[in-house]
Each structure stands twice: as C-alpha cells, then as structure tokens.
Amino acid sequence: MRYSLRQLEVFLATARHENVTRAAASLAMSQSAASGALKELESQFNVQLFDRIGKRLALSALGHELRPRAENLLAQARALEHALAGEEAQGQLRIGATLTIGNYLAVGMIADYRRDHPRTDIALHVANTATIAAGVARFELDMGLIEGELLHRELDAVHWRDDELVVFAAPDHPLAGGPALSDSDLLAQQWIIREPGSGTRQTFERAMHGIVTDLSIAMELQHTEAIKRAVEAGLGVGCLSRIALREAFRRGSLVPLQVPGRDFRRELYMVTHRRKYRGTALRQWLQLCRKDGAASGEKAPPNG
C-alpha cells in the first residue's frame, strides 16, 4: 500500500480546516509533520489534492472526488479497530441540529441513546439549516436534523416528523384573545422572526406568500429564546415552532394567535451524505430517529 491512514487523516483534516497548521493542531501533530505527510501523499501519486490560495488550501477537483472515499475508508478502519478490540458498540457521532430541534428535541434523544450505548461519544452542533446542511456535505457532521426544505446533489433528506409554526404574542397584546387574524391584521404588525437561512424563516415566508414582502420586519434574531423574550416584552409578534412554544403557552407568558387563512405546517428532515459510510453508531442513531419520528404522531393540523 503506497499510502498510510495517517496521511489520509492529514488530508481530511486539511480539507476541513483549509490550513495545514490548524489541521496539525487538530491531530496533535507538528505543523512540519503534517505538511510532510500531505506532500508525500501528493508526490507518491503525482497529484495535487489542494489549490493553494494564499494561506488557504482549497480542495482541487481531484481532492473533492477523493474526499468521500477517504472519509469512508477511515471510518471503516476505525470500526475494524473497535471490533478487533471487542468494542464494536463504541464510536463517535457528530450530530447537527437546527435550533428548534437542538434546543427542544435532540438533547432528550441523545440521553435516550446514551442509556443504551454509553460507550459512544456524541457531539451536538446547533446552527441553522443552511449551516447544518453544509456541515453534512463537508463530512464535518455525520448527519443532520433540520427544519427547512433542502435540495443538494450530495445529500439525502428523508422525512423525520411533522411540525407547525404558530403566530404568537404577549398576553397583553391588543390581538391576544381576539378573533382570527386577516391579512390586514398581519400587515399591521411588527414582526420578530428568525434570520434568512433558517428553516423556520423558510416556512414562515412560504406561509405568508403574497404578502411577505409587505410585512414589517422589526427584528431578525438567530435564537428562538431571544425571539420569545422580545415578544414577551411587547416589541412585536413572532412565529416559531409549536415545539418551542409549549412551555410558554402553558405558563401563559405567551399566547397563540389564530391565523386560519395561512398554512404553517412543515416537515422536519433527517439529512445524510449519500456517499458516507454508516458505521454501527450512526446506524443505531438513525434507527432511534426513525423510532422517535414514528412516535411523534400524525401530521399536525393547520394553524388555527
């Protein structure tokens, strides 16, 4: 064999960090050792795996083609190592989740998983849909749980469970407890909503088709809790997942507003890379996700 697994580790770490120094640090190597391993790998096969743009190393066309194969080869090598050591259930999982899922669903699922598989190390990365999808595409995440619709030639997005957004306000808001809202009512409000790139924003804009460009957006915030606090303070009305609002509705610190003329239903998705090797830990996690999705019930009814 003309290459080593260590060389592949350096190649993949460099692809993730786009910098040999940071790649070396992530592997607990010296910069010179990592640089030498990468140069040796390229020279052995007379190929160029990276385009050098200043201090940044961007994957070449060949590097992009080889990356999934290298990721899968290393994953299988680690699985073989665990099996040889009698530790087949051990492993690592890098899970990505969008904010609503990460804050209100994923942590409980991880706790359930760890009870059955205590030897698996799980890292949870929480960000918006666009960021999670990019992480799965770059093999930085093993899979993602997202709120937004996704079209990506390298990724598979499979239905996980159903959800719906809810328009809400502070309990002393003039619209609280009133009749169902018309489009005129919606246009008259100051809105506090998620940022572009989030699945919640995507669903909100689809639900508000025909009037979305005329809505008055007072604030765009990246965190659901910040939106809830701003609405509680009377700064406007919001629109978030019912999952994120259950406790606030129960306490009465926020109240739902009825918007029967708009459809806020949506699907949540499991996202995986089409060419990623699925080791034992990932297969077990996906099985848990499917079980959770089946237990979540039937499709949510229309808002209102």
message = With viscosity set to 1.567 mPa s at 4 °C, what whole-number translational diffusion coefficient in µm²/s follows for the range 162-265 from Stokes-Einstein and a Kirkwood radius over Cα pairs?
response = 96 µm²/s
message = Run through the range 11-69 and list the trypsin sites (Lys or Arg not before Pro) located in a DSSP loop whose Cβ has at most 13 other Cβ atoms within 10 Å.
response = Lys55
query = Where is the GNM fluctuation largest for the chain (alpha-carbon springs, 10 angstrom cutoff): Gly261, Gly238, Gly96?
reply = Gly261
remark   = Extend 7 Å from the Cα of Ala176 along its Cα-to-C-beta direction; within the range 185-206, residues with backbone N under 19 Å of that point are 186, 189-193
Loop GluC sites (Glu not before Pro), the range 1-65 (other Cβ atoms within 10 Å of the site Cβ: 12 or fewer; DSSP) = none
message = If I histogram all Cα-Cα distances within the chain using bins 20 Å wide from 0, what percent of pairs lands in each bin?
response = 29, 47, 22, 2
message = Compute and list, largest first, the equivalent-ellipsoid semi-axes of the range 5-84 from the alpha carbon gyration tensor, each √(5λ) rounded to a whole angstrom.
response = 21, 15, 11
Selected from Phe204, Phe249, Phe139 as most flexible by GNM, with the chain as the system and alpha-carbon contacts under 10 Å = Phe249
task = For a label point 7 Å from the Cα of Asp183 along Cα→C-beta, name the residues of the range 237-278 whose backbone N is under 12 Å from it.
result = 261-262
ask   = Shape of the range 90-172 from its Cα gyration tensor (a ≥ b ≥ c, root eigenvalues): rounded if a/c is under 1.5, otherwise prolate when a/b > b/c, or oblate?
value = oblate
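No value in this document is a laboratory result; all are computed from the given coordinates. As the structure is a prediction and not an experimental result, all values here were calculated from the model. Counting neighbours? That spans all protein chains shown, and the Cβs are built from the backbone with ideal geometry, glycine included.
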